[in-house]
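The values are calculated or read from the model by the stated rules, or taken from the named source; none is laboratory data. Because the structure is a prediction, the values reported are computed rather than measured. So basically every Cβ, Gly included, is an ideal-geometry build from the backbone, and we count neighbours across all protein chains shown. Ligands, DNA and RNA are excluded from the accessible area calculation, which covers all protein heavy atoms including side chains. Shrake-Rupley method; radii C 1.70, N 1.55, O 1.52, S 1.80 Å.
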Amino acid sequence: FEEALQEAQQVDKLLSESPGDDYLEEKFPLLGVPITVKEAFSLHGMPNTSGLVNRRNVVATSDATVVSRLKQAGAIPLGVTNCSELCMWYESSNRVYGRTNNPYDLQRIVGGSSGGEGGVLAAACSVIGVGSDIGGSIRMPAFFNGVFGHKPTTGVVPNDGQFPNARGVRTSYLCTGPMCRYAEDLELVLRVMAGPGVNKLKLNEKVALEKIKFHCMDHDGGSVFVSPVDKEILQAQKKVVEHLEGELGVQVQRVAIHKMKYSFQIWSAMMSSTDSNGQEAQVFTDLLGDHGKPVWPLWELMKWLVGMSSHTLPAIALGLTEKLMKLNPGANAKLVSMGKSLQEEMEALLGPDGVLLYPSHPTVAPRHHSPICTPFNFAYTAIFNVLGLPVTQCPLGLSSEGLPLGIQLVAASYNDHLTLAVARYLEKAFGGWVVPGKL
């Protein structure tokens, strides 16, 4: 905080000496804007544990690429925020920092793995956050905390400087992106984060909303692994459809994409597949052993039962699941093939001017610990990581319990400008972020 205040004073000095605001705006588009950073990213002088007890003494000696770009654009980091252990679970709780609570209801989760970011933005501590997403880790916290989050098209924003980073095939699924309280900030922050990579996107193209081909899917088709979608989430989505049809005069096309029913299985198989060079995906238990001995998940489970493990139950469970996944390579190959076919189907459906409306999660922010009973619900966000599509999570007000509602806006690759434009429109129509405690 002391450094942030010093940097703020330097900004004041710069403003008083500046020849003009236009010059400063061009050179420092985020001048003086307070930001927070997911703790999995390196921020010089700050801890970089990713919630792993073995790394509790690790302090970053440099900045992750996106953090460096945001600082060069004038942003002032306030600090780092909590995540789930090794960023692979959707409740942000670990044995280094403990558990993060949802500002709308302290008994609820903030989501994961960029959960601290979701909570800190919703509580108005910061205005812009750095998140990363390999299964919904930007979009779930943004949804549970009523803010905006954008998972860019794969390969546009660099992932360097975060732990754990992706290896092998997962480099095509991990995305770094912005989390913001206001929709208009998403594009600006995405431009800064992407640097030269922004040229792959069409952010300078004007979007005529009435010319977008809107598609709508209410649920995944009834996966046996995933909870049914809450009535209030469905109602919120229905209101969006009615608003688009009533105000823009568009026809929202209802679609039923059969393969979406297998979202969890497809994501799981693609995450553990080998890349084009035959390189295997990194084993989660190897990551758990960082700065220490190899981890045996069954032994860790025994220790956990008597309160002696330094790992969280979700991390141990993931280690066990990973071993089981390797037992059926034939089924995995079929699912990978199904994923590639679904990707082609989605790209063809959305084309150059399509946006799909799809739930962000089957339920509103769950109570603490309950994700362990619904471990596969993240499939609603995860499927779009392995498909490589850009997705914006957009808040849609609060439920009858005062918890955030929202929707995912999905486009074909490199059409991020479409989902960002629709998010700005829906923010005006539905109010965007709501101050916690205001019902």
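Brief remarks on what is shown
- Quarter of the Cα convex hull surface for the chain, i.e. its orientation-mean projected area (nm²): 21.0 nm²
- Among the protein heavy atoms of the chain, carbon and sulfur supply 55% of the accessible surface, probe 1.4 Å, non-protein parts ignored.
- Between Gly112, Met140, Gly197, the Cα set farthest toward the positive side of the dipole of the stretch 102-249 (charges on each charged residue's Cβ, about the Cα centre) is that of Gly197.
- Counting only DSSP H runs of at least 4 residues, each contributing -39500 (n - 2.57), and dividing by the residue count of the chain, the helix-based mean residue ellipticity at 222 nm comes to -10500 deg cm²/dmol.
- Partner lysines for Lys428 [C-alpha distance under 25 Å; skip if fewer than 8 residues away on the same chain]: Lys151, Lys202, Lys206, Lys211, Lys213, Lys231, Lys238, Lys239, Lys438
- Mean sequence separation of contacting Cα pairs (under 8 Å, at least six apart), scaled by the length of the stretch 1-100, corresponds to a relative contact order of 29 percent.
- Rg to Rh, two decimals, where the stretch 34-186 supplies the alpha carbon set and Rh follows Kirkwood: 0.93
- q = 0.25, 0.27, 0.30, 0.31 Å⁻¹, the stretch 194-250: log10 I(q)/I(0) [Debye, one scatterer per Cα]: -0.97, -1.06, -1.21, -1.25
- For peptides 207-214, 5-12, 135-142, 31-38, sequence by mean Cβ density within 10 Å, most packed first: 135-142, 31-38, 207-214, 5-12
- In summary, the helical segments of the chain meeting the span-like criteria, namely a full DSSP H run, a Cα extent along the axis of 15 angstrom or more and a mean Kyte-Doolittle hydropathy of at least 0.0, are 183-194, 313-325, 416-430.
- Whole-number percent relative contact order across the chain, with pairs defined as alpha carbons under 8 Å at least 6 apart: 19 percent
- Think of the chain as having a plus end and a minus end, set by charges on the Cβ of Lys, Arg, Asp and Glu; of Thr100, Val355, Trp296, Trp296 sits farthest toward the positive end of this dipole.
- Rounded to the nearest 20, the size of the Cβ-charge dipole of the stretch 33-430 about its Cα centre is 460 debye, with Lys and Arg at +1 and Asp and Glu at -1.
- Accessible area of the chain divided out per residue, in Å², using a probe of 1.4 angstrom: 42 Å²
- Cα pair count fraction exceeding 16 Å, expressed as % - the stretch 343-439: 61 percent
- For Lys13, a cut-off of 28 angstrom between C-alpha atoms picks up these lysines, skipping any fewer than 8 places away in its own chain: Lys27, Lys71.
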